[in-house]
Amino acid sequence: MSKSESLIKGSFSPQKKKRSLPWSGLVFWLVIAIWMVPVAWLILMSVRPSADILGAFEIIPSRFTFDGYRDFFLKEMWYKAYLNSLTYSTLNTIFSVTLALPAAYAFSRFSFAGDKHLFFWLLTNRMAPAAVFLLPFYNMYNAVGLFDKTLGVAVAHMLFNVPLAVWILEGFISGIPRQVDETAAIDGYSLPRFFIMIFLPMIRSGIGVTAFFCFMFSWVELLIARTITSTDAKPISAAMTRTVSSAGTDWTLLSTAGVMTIIPGVLAIWFVRKYIAKGFALGRV
Amino acid sequence: MKTRNNKAWFLVLPVILVVAFTALLPLMTVANYAIQDIFSPDNRLFVGMKWFYDITNDPLIISAFQRSFQFSIQALLIQIPLGIAIARIMPKSGWKASAALVAVSIPLIIPFNVIGSTWLIFSRKDIGLGGYLLNKLFDFDFTSDPKDGWGLILAVDVWHWTPLVTLLVYAGLRSIPPAYYQAAAIDGASPFAVFRYVELPKLRRVLLIALLLRFMDSFMIYTEPFVITGGGPGDATTFASILLTNIAVGQFDVGRAGAYSLIFFIIIQIMSFLFYTVLTLQDREEVTKTK
Amino acid sequence: MAEIRLENIGHSYDQGATFALNPISLTWKDGDAIALLGPSGCGKTTLLNIISGLLTPSVGRVYFDGVDVTDLDTAKRNVAQVFQFPVLYDTMTVRENLAFPLKNRGLSKDVTATRVEEVAELLGITKYLDTRPLKLRSDLQQLVSLGRGLVRRDVPAILFDEPLTVIDQNFKWTLRGRLKELHNLTRYSLVYVTHDQTEALTFADKVVVLNQGNVVQTGSAADLFLAPEDEFVGFFIGSPGMNFIDGSVNNGSVNIGSTVIGTTSGDKPVANGNVRIGIRPEFLAVSSTSSGVNVKISRVEHRGGYKLVHADGPNGNVIAKVDSNSSLDAGKTVQLTFHPERTYIYRDSKLCGSVNVKGA
């Protein structure tokens, strides 16, 4: 046993962890528990027959049905739509974040002709109401052959996601002192190498949150996705409108679809969780 | 301090091209429709500013916009402080942080129509848990009482979107170098002083994003009020988007609809601009440095 | 200002699996300026954080003026710390920044104001008192950071964690000089962490060289330069570092290859066997007249006030510092001349004796 080891065994004093007020943890989980009640309600709705949902107030269902889930997994319309949405949301996230990073860096570090106007113009695209674009998009995407293709939706969603990505990333990039860039330049790093090896890890909170938001906004977007698709690339949000028919709404099926649509989002946040939580790390250059 | 470098345009070019493709071209088409009166595809009349005049004087439209504005302000006043508060008490690391992130994100990833349907049933006093419980406290019926309808939609918006504020603030907080907290501890700062002098200043950028994003999105709210209250009771929850869609769909008047959406679009841009200018005022002041 | 004593301080970040800092004991007199020098990962920041209280050591105790402060957190230890980048309250003016620690301790407005003015005067930033710190240059910002530590009179020590990291090249020198000046004026105990030997050697009275969690050598700048106890110190300090030439000891005779360069000298006898001869470029001379170890010059570097002669030694490159008007050229074969007092013998990286140079 080395000297260090014997010393440790004898008098190891665990590192003092600064604990925030103990009750804040409890309050948080209490808030979360309450916040999740509507979600629990949704899950319950997904296993109750439609008639029951409208008929009686029950917390514990008296009758169960898994028809919703059966339909969802077995009917091609549903799982295909699910995959379609997954595809274009993921593609869109990758495109948006990749394009936005260099632009955000430029906006943060450089001033150039028209930069402020350009930045604001970008923002206006995020703020634009989708309804304005429906008809023109319909014509345009048809014309360029991107109608009813997941790639088309992925591109169309860049309308609002790229500006958002640039905006959020610019904020996080501006939080890193410029001297970091300068020190790296002096140390002989080329811009791409510096960016990938040193800079990106520093802004990982921002990247994590941006990626999640892009995925999320694309995933829940209904109007545009429905407008420029018909059968092949139909998104899950459009499939859900099928639950409303002349016979009334199939609440069970709608709720099931709702529950299933939560899963990819959970995966998305799970995927980026470490990025968001770890946050700042000043690399010792 | 930014360096002047016009070569930065190359970094920004891909973004411009993509967004221009997705935005400018469609807009030009809409503008075209808007200033024509479409009787039939073969019979178009150049009508010009008539539509725009009509819109700005229509009392229905004006009140809808006022409603949207009030709604957004109220939503903001709740969501921003609440979002910050939750972000501050969220676990910072370990499995608890991961679980917390997942839980907080769930409301964001549910499609809007599902949120609408869920809350629709949930808030009914006869078949929903929420409605049932609320009626134990007071008389709650969103189908008949305008205040209840408004309150419900407000609650849905808060429930749905506060997590966005929380996530942004949480990420922002995690990006603060520990040295600031350490220095504040050395300086003997109280927890409130730490929040006021370390956290809030560092969260400014992120809060700006949250503020503008949430205000505009709440202003343009559509699906949830459509599904839950249909714009009612009466016109209590007939917000700008709902009214405009009703007009466009109901009357199938492409020219008028185009005009209205363009107006809506312009108003949104102006509001964004005002908001943005005011909120970034301080940034512009800090550009100069001593030599 | 206080005497700082570290008793068997060690730290592991993974419950004893590996030690970032192996247990050491150090004592520093009140008013000393100490530099903790070493490459990244050597444990110097760990050591600093243990002294400041940001880290509780896995083993060992920390004493300020004889008082055990190991279990006290940073605020209670009352130390001041300057970080790698300026840590300031952006929304306050410089004046308010400096007043902040005093305000939190409940001092009266008058006392606070006077103290703030004093410290601003001391640091030379009086004219910036009513500006926002963000508008200042980075070296001035660091001075404000430092000022927040100086306003408190009862500070036992001021700790610096690589404070020049984000300072513009042009101003590193002035800031470093100002820190030294301040130390001379105030005689605070200062502990300064850096990986830059120039900073350490110009700033500190005493330098502690660390490598891989161990203290390799402690001493004044002169000690470390002139008599390195470890090959690491020889290599890390000096620009360029010490030369290490393969050699051997045979019954008191020191050889490089087949050439005898001298005899062993020192407190303890040096056993026979392979050794490495350590000599700094400053003390290595080359000439073409005397006899000795032959080497061929590979290149000559001009460095302004002097030249560096690179030559192919028995086991690699050997560097000698020569006068700028020396006339040596690449390709020439010359002989190495060893300084009579500065030629050392190293075995297993540790100093084990010096060489009594033949013919000196």
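Points to keep in mind about this one:
- Among C:181, C:3, the order of accessible area from largest down is C:181, C:3, computed with a 1.4 Å probe on protein heavy atoms.
- For the stretch B:162-182, residues shielded by at least 20 square angstrom of accessible area compared with the chain on its own, probe 1.4 Å: B:164, B:167, B:168, B:171, B:174, B:175, B:177, B:179, B:180, B:182
- Sparse-neighbour loop sites [trypsin sites (Lys or Arg not before Pro); the stretch C:137-204; at most 12 other C-beta within 10 Å; DSSP]: C:153
- Prolate/oblate/rounded call for chain A, Cα gyration tensor, a/c under 1.5 rounded: oblate
- Between the C-alpha center of the stretch C:285-360 and that of the stretch C:203-271 there is a gap of 16 Å.
- The orientation-averaged projection of the convex hull spanning the C-alpha atoms of the stretch C:1-150 amounts to 10.2 square nanometres.
- 0 to 90° range, to nearest 10: angle between helix C:169-186 axis and chain C longest Cα axis: 70
- Contact surface A-B: accessible area buried, both sides summed, square angstrom, 1.4 angstrom probe: 8300
- Taken about its Cα centre, the stretch B:57-241 carries a charge dipole of about 840 debye when Lys and Arg each add +1 at the Cβ and Asp and Glu each add -1 at the Cβ.
- About the centre of its Cα atoms, the protein assembly as shown shows a dipole size close to 1000 debye [charges on the beta carbon of Lys, Arg (+1) and Asp, Glu (-1) only; nearest 20 debye].
- Between helix C:94-104 and chain C there is an angle of about 70 degrees, using the helix long axis and the longest principal axis of the Cα atoms.
- MRE, 222 nm, helices only [DSSP H, n ≥ 4, -39500 (n - 2.57), over the protein assembly as shown, to nearest 500]: -16500 deg cm²/dmol
- Packing order of peptides B:227-233, B:162-168, C:275-281, highest average first: B:162-168, C:275-281, B:227-233 (average count of other Cβ atoms within 10 Å over each peptide's residues).
- Annotation for the stretch B:184-246 versus the stretch C:131-200: alpha-carbon center distance of 42 Å.
- Residues whose placed amide H lies under 5 Å from that of residue C:210, excluding near-sequence neighbours: C:37, C:38, C:216
- Projecting the Cα atoms of C:108, C:13, C:97 onto the charge dipole of the stretch C:4-232 (Cβ charges, centred on the Cα centre) puts C:108 farthest toward the positive pole.
- Electrostatic dipole magnitude of the stretch C:4-232 [Cβ: Lys, Arg +1; Asp, Glu -1; Cα centre; debye, to 20]: 820
- In this rough spin-label picture, where each label sits 7 Å from Cα along the Cβ direction, the residue B:145-residue C:76 distance is 5.4 nm.
- Degrees separating the helix A:204-220 axis from the principal Cα axis of chain A, which is the longest one: 10
- Take the accessible area of chain A alone and of chain C alone, subtract that of the pair, and you get about 1600 Å² summed over both chains, using a 1.4 Å probe.
- The solvent-accessible area of residue C:52, taken with every protein chain present and a 1.4 Å probe, is close to 0 Å².
- Accessible area per residue for the protein assembly as shown is 42 Å², calculated with a 1.4 Å probe on protein heavy atoms, without ligands, DNA or RNA.
- Here the 3J(HN,Hα) profile of the stretch C:232-242, calculated from phi with Karplus coefficients 6.51, -1.76 and 1.60 at θ = phi - 60°, is 4, 5, x, 6, 6, 9, x, 9, x, x, 5 Hz, Gly and Pro shown as x.
- Whole-percent pair-distance distribution, where bins are 10 Å wide, for the alpha carbons of the protein assembly as shown: 2, 10, 16, 18, 16, 13, 11, 7, 4, 2, 1, 0
- With all protein chains in place and a 1.4 Å probe, the accessible surface of the protein assembly as shown carries 61 percent carbon and sulfur.
- Of the trypsin sites (Lys or Arg not before Pro) found in the stretch C:327-356, those in coil by DSSP whose Cβ has at most 15 other Cβ atoms within 10 Å are C:332.
- Filter on A:274/B:7; A:116/A:278; A:278/B:202; B:2/C:103; C:268/C:307; C:296/C:321 - keep pairs with C-alpha separation over 26 Å: A:274/B:7; A:116/A:278; B:2/C:103; C:268/C:307
- Here the stretch B:57-241 yields Rg over Rh of 1.06, to two decimals, using C-alpha coordinates and the Kirkwood radius.
- Residues in the stretch A:169-188 occluded by at least 40 Å² - accessible area, probe radius 1.4 Å, against chain by itself: A:172, A:178, A:179
The values are calculated or read from the model by the stated rules, or taken from the named source; none is laboratory data. Keep in mind it's a predicted model, so treat the numbers as computed, not measured. Every residue, glycine among them, receives a Cβ derived from its backbone with ideal geometry; neighbour counts consider all protein chains shown. Surface accessibility is based on the protein's heavy atoms, side chains included, excluding ligands, DNA and RNA. Shrake-Rupley method; radii C 1.70, N 1.55, O 1.52, S 1.80 Å.
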